[in-house]
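Down below is the structure, laid out as structure tokens.
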Amino acid sequence: MHEAGLMQNVLEMSFENAKAHNAARIEAINIRIGLLAGVVPDALEFAFEAMKQGTIAEKARLNVEYAPVVCWCRGCEKEFKPENFSSICPACGKNDIEIRSGLEMNLISIEVP
């Protein structure tokens, strides 16, 4: 389950950030996950609940924002959101695309008292 490793990294970054701001506890952790990141939401939540125990984030909530898939067509230089995760540009029909959003997992912010 790679969600445990991801959550461990998120918590470590959150703890470092809280310490840098002299915060005694964390109230919320806000993350952004791309729809193609391969993260299972329930597994991530389970890892969060298990790993926050006994830490300054013990009573924190996890807020997850899901980032849509956004592609860029190199052929016609248009950005688009694929409707069915096709690798074909809906504007010009070429398959020379790159994924610009949808693969990420980012710590956006933490909330402290």
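A few notes on this one:
- Rounded to 0.05, the FRET efficiency of the K94 and L36 pair, given R0 = 25 Å and the Cβ-Cβ distance, is 0.80.
- Cα radius of gyration and Dmax for the chain (Å): 17.6, 54
- Accessible-area composition of the chain, carbon plus sulfur, in percent [1.4 Å probe]: 50 percent
- Probe 1.4 Å, protein heavy atoms only - accessible area per residue of the chain in square angstrom: 61 Å²
- Residues of type lysines that K94 reaches as a straight line, Cα spacing below 26 Å, ignoring anything fewer than 8 places off in the same chain: K78, K81
- Farthest positive-ward along the chain dipole, Cα basis, beta-carbon charges - from C71, F46, I56: C71
- The chain - Cys residues lacking any other Cys C-beta under 4.7 Å: C71
- When only the Cβ of Lys, Arg, Asp and Glu is charged (+1, +1, -1, -1), the dipole of the chain relative to its Cα centre reaches about 160 debye.
The values are calculated or read from the model by the stated rules, or taken from the named source; none is laboratory data. These figures come from a predicted structure and were not determined experimentally. Cβ coordinates were reconstructed from backbone atoms using ideal geometry, including for glycine residues, and neighbour counts include every protein chain displayed. These accessible areas exclude ligands, DNA and RNA; they are computed on the full protein's heavy atoms, side chains included. Shrake-Rupley method; radii C 1.70, N 1.55, O 1.52, S 1.80 Å.
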